[in-house]
Amino acid sequence: MRTQTMVQLTDRLVRLLDRRAASEGTSRSQVIREVVEAHLAHDEAQQRVARFHEAYERWPETDEELSTAAASARALVEEEPW
């Protein structure tokens, strides 16, 4: 389902939008949809990162976990046939 929305753009944005639509062989509407989707996806990703950082600050890894991770990394490197 789609909902039509009116958006007012500056002349400069319309020129840029038309240029991009022409170069991609698509419509203004399609370019606007793609740009809005990309922007919202970026925002969602930034929010997930922020939640991850907040959780990490509340529950950081323990010294034991850090030691185990370092030992695992060393073991993986040692297995390489350099």
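Every number in this text was worked out from the coordinates using simple rules, so none of it is lab data. Since this is a predicted model, take the numbers as computed values, not measurements. Quick reminder, even Gly has a Cβ in these numbers, built from the backbone with ideal geometry, and neighbours come from all protein chains shown.
For the stretch 36-59, check the following and say yes or no: at least one residue is without any contact (Cβ under 8 Å) to a residue 12 or more places away in the chain and assigned to a loop (DSSP other than H, G, I, E, B).
There is at least one residue in the stretch 36-59 that is without any contact (Cβ under 8 Å) to a residue 12 or more places away in the chain and assigned to a loop (DSSP other than H, G, I, E, B).
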Requested in this report: Report yes if some residue within the stretch 6-19 is among the polar types (S, T, N, Q) and either in a helix (DSSP H, G or I) or in contact with a Gly (Cβ under 8 Å, 6 or more places away or on another chain) (or both); otherwise report no.
Outcome: no
